[in-house]
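What follows draws every value from the coordinates through simple rules; no lab data is involved. Bear in mind that the values here come from a model prediction, so they are computed numbers and not experimental data. Methodologically, a virtual Cβ is constructed for each residue, glycine included, from the backbone with ideal geometry; neighbour enumeration extends over all protein chains shown.
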Amino acid sequence: MTLATQPILEVRGLSKEFPVRGARGKVLTAVSQLDLSVHPGETLAIVGESGSGKSTAARCITRLIEPTAGTVSLCDQLFSQRSRRGLRDAYSDIQMVFQDPRASLNPRMTVQAILDEPLRLHTDLPRAARVDASKGLLNDVGLPMEMLGRRPGQLSGGQRQRVSIARALAVDPKVIIFDEPTASLDVSVRGQILELLVRLQRERSLAYLFISHDLEVVRHVADRVLVMYLGTVVETGPTAAVFAAPQHPYTRALLSSILTLDTAQAPSRLRLTGEIPSPIDLPRGCRLTSRCPLARPECAAAQPPLELVGPEHMSACPVVAHSPQPTAATPDAGAVPHDPPLSPDPQP
């Protein structure tokens with residue numbers, strides 16, 4: 001897609017550290033120096049294993065938790081520096097949909113009350129107009145009007161997530177952050193929700209920040225992808241380019257986990273070995289060094305920066321990016337025997 005010149009959401013140097021209880025001076029680094037931008041009508045996906053910092057980043061961006069450092073700009077305004085009172089108006093521009101609607105929807109409230117709440121807080125609509133707006137929101141997400149009188153416990157998982165999406169749409173936001181929105185749903189329902197999100201984005205020119213560990217979902221819904229490992233970005237770029245020719249060993253390992261019968265579309269496989277380092281005691285250099293079959297002594301010396309490896313495609317692995325010849329990962333180093341070498345695939 002052609003990106004607008006000005007991003008609607010821009011994050012620079014975002015970091016989040018949590019003090020470790022009972023260990024004076026020790027901190028758990030959940031997110032470190034995160035940069036990202038999202039444009040109107042675009043979907044940026046953040047992927048990575050559990051504990052990579054994806055959800056913490058989303059909560060820092062929306063200020064559900066306060067970041068340790070960094071700035072968040074929303075619609076050309078510094079969202080990260082707004083007072084708590086000023087956040088009320090700003091939340092009409094950014095909303096969040098969580099993984100488990102059972103935890104995010106008040107079980108004591110009817111669907112009508114759930115949809116009415118953001119309209120009451122963020123608009124001047126009278127009660128009758130809010131009722132009409134709630135009906136319109138249900139129609140937008142494909143739910144019948146009789147759902148207005150039900151409570152979340154009387155709905156299916158897919159219906160609850162549709163209500164969560166309708167609530168996010170109620171204030172006509174510019175950006176919606178989805179934190180694993182389909183992870184708790186059946187496969188058939190998951191497809192319906194994803195089709196709904198694509199349609200809503202097209203109709204409303206919404207910007208999506210889509211957090212997921214499901215790479216097949218990301219492949220189909222995201223325009224760009226950002227790969228996180230232990231709180232840092234290791235690769236980012238257009239989804240098609242990253243999936244076709246991953247330039248970081250961690251990205252290659254993630255993509256190796258996708259089951260496919262089409263060997264022409266499968267990336268060179270790579271297994272990581274060893275344990276994930278503790279976020280309380282992070283290595284000085286590349287955080288993947290202890291698990292990477294391509295690690296060199298210089299990888300442990302300093303954390304490599306993101307470097308351009310293609311059009312809008314960046315990676316933090318100079319070993320792969322600067323290798324003039326394909327570098328094979330030996331079975332002893334953790335690669336699958338007889339796999340292709342760990343280098344950019346010649347064909348997408």
For a protection proxy built on the mean count of beta-carbon atoms within 10 angstrom, sort 33-45, 239-251 highest first, please. 239-251, 33-45
Cα pair count fraction exceeding 20 Å, expressed as % - region 163-283: 52
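Place a +1 charge on the Cβ of each Lys and Arg in region 1-144 and a -1 charge on the Cβ of each Asp and Glu, then give the dipole magnitude about the Cα centre in debye, rounded to the nearest 20. List each step's numbers first, then the result.
Working: 18 positive and 15 negative charges, 154 e Å.
Its charge dipole is roughly 740 debye.
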The pairs in K16/K135; K26/K54; K135/K174 lying past 30 Å Cα-Cα in this model are K16/K135
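How large is the helix-only mean residue ellipticity at 222 nm for the chain, computed as the sum of -39500 (n - 2.57) over DSSP H runs with n ≥ 4, divided by its residue count, in deg cm²/dmol to the nearest 500?
-8000 deg cm²/dmol
Where a ≥ b ≥ c are the square roots of the eigenvalues of the C-alpha gyration tensor, would you call region 106-244 rounded, which needs a/c under 1.5, or, failing that, prolate if a/b is larger than b/c, or oblate? Working shown, then result.
Values: a/c = 2.32, a/b = 1.86, b/c = 1.24.
Note, shape of region 106-244 comes out prolate.
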In the neighbourhood of Q154 defined by beta carbon distances under 13 Å, the net charge of the other residues (Lys, Arg +1; Asp, Glu -1) is +4
Assuming R0 = 51 Å, what is the FRET efficiency of R108 and R296, from their Cβ-Cβ distance, to the nearest 0.05? 0.30
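Would you list V20, V320 from fewest to most Cβ contacts within 10 Å?
Working: V20 13, V320 23.
Exposure proxy ranking, most exposed first: V20, V320.
Output the antiparallel fraction of DSSP beta bridges having both residues in the chain, as a percent to the nearest 5.
Values: 27 of 44 bridges.
Taking every DSSP beta bridge within the chain, about 60 percent pair in antiparallel fashion.
Taking neighbour Cβ counts within 10 Å as the exposure measure, how do S15, S134, S188 sort from fewest upward?
Values: S15 18, S134 22, S188 8.
By the 10 Å Cβ count, ascending, the order reads S188, S15, S134.
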Let me see the P(r) profile for the chain: every Cα-Cα distance counted, bins of 10 Å, each bin given as a percent of all pairs. 5, 23, 31, 24, 12, 4, 1
Which of Q81, Q99, Q159 moves the most in a Gaussian network model of the chain with Cα springs under 10 Å? Q81
List the relative contact order of the chain as a percent without decimals, with contacts defined as Cα pairs under 8 Å and 6+ residues apart. 18
Can you tell which of I65, I8, V47 lies farthest toward the positive end of the dipole of region 1-85, using +1 and -1 charges on the Cβ of basic and acidic side chains (Lys, Arg; Asp, Glu)? I65
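Treating only the Cβ of Lys, Arg, Asp and Glu as charged (+1, +1, -1, -1), what charge dipole size does the chain show about its Cα centre? Round to the nearest 20 debye.
On the way: 37 positive and 35 negative charges, 251 e Å.
So the magnitude is around 1200 debye.
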Summed over the other residues with a beta carbon less than 12 angstrom from that of S32, with K and R at +1 and D and E at -1, the charge totals 0
